[in-house]
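The values are calculated or read from the model by the stated rules, or taken from the named source; none is laboratory data. Fair warning: this is a prediction, and the values are worked out from it, not measured in the lab. We place every Cβ from the backbone using ideal geometry, glycine too, and count neighbours over all the protein chains shown. Side chains are part of the model used for accessible areas, which takes the heavy atoms of the whole protein and leaves out ligands, DNA and RNA. Shrake-Rupley method; radii C 1.70, N 1.55, O 1.52, S 1.80 Å.
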Amino acid sequence: MGMVFGKLRVETPKFEVVKSTADYEIRQYPPSVVAEITYDPTQFKGDKDAGFSILAKYIGVFGNPQNTKPEKIAMTSPVITKAEKIGMTSPVVTKGNVGRVTMQFTLPEKYKKAEEAPMPVDERVVITEEGEKKYAVVGFNGVATEGVVTEKLEKLKKDLERDGFKIAGEHVLGRYNPPWTLPYFRTNEVMVPVE
């Protein structure tokens, strides 16, 4: 019942807050191991979140884990969504834009190297190591619609420019709660890499 009201009962990534303002935080994240899938949402009837069920099967959310051990892997949060740019358009964040989406599950901290994680049965799932990262982060509650994400992203970029930070890549969206969490209780973050 707690998950309906946004209570988190899963591992979340550790980070150090480098700077905190009224508008955002600058966080330093240590290296991690992730399971990810990159796909074209048009292959899934335009569903930009279609990668979730494939990754969930890998860790064993829906029954037997779809990995070579098979080993059930604990769910972590947030689920990270990245979108590729197409030419000069803005990043893909919803069904309305055509482009490839990468969805990631950060694996539990016990996996220090990619080779320590069970290998996926589905060849679309890739296990990779992410290096240390620094992000500017703004959090918000509710449903992460295209409009809300764009609004938060644009304000964050202006705040970072005002404060002299240099953006070092494309934003990612972190969603902490399952879809059955009541919208008001959902926790989301727009994360922009900075130098």
Give me the log10 of I(q) over I(0) for segment 122-164 at q = 0.20 Å⁻¹, as the Debye formula computes it from C-alpha points; what are the numbers?
-0.81
Contact order normalised by length for the chain, with contacts defined as Cα pairs under 8 Å and 6 or more residues apart; what percent is it?
28
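What does the highest-first list of 149-156, 171-178, 134-141 look like by mean Cβ count within 10 Å?
Values: 149-156: 17.0, 171-178: 20.6, 134-141: 18.6.
Going from most to least packed, we get 171-178, 134-141, 149-156.
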Which value, in debye to the nearest 20, describes the size of the charge dipole of the chain about its Cα centre when Lys and Arg Cβ atoms bear +1, Asp and Glu Cβ atoms bear -1, and nothing else is charged?
340
How big is the gap, in Å, between the Cα center of segment 140-175 and the Cα center of segment 176-191?
16
With springs only between Cα atoms under 10 Å, which of Q43, Q28, Q104 fluctuates most in a Gaussian network model of the chain?
Q43
Accessible area, probe 1.4 Å, largest first, for residues V79, V121
V121, V79
Convex hull volume per residue for the chain, taking Cα atoms only, in Å³
127
Distance violations [Cα-Cα > 30 Å] among K112/K134; K45/K113; K45/K158; K19/K45; K48/K152; K110/K152
K45/K113; K45/K158; K19/K45; K110/K152
Three principal axis lengths of segment 24-70 [C-alpha, angstrom, descending]
36, 32, 15
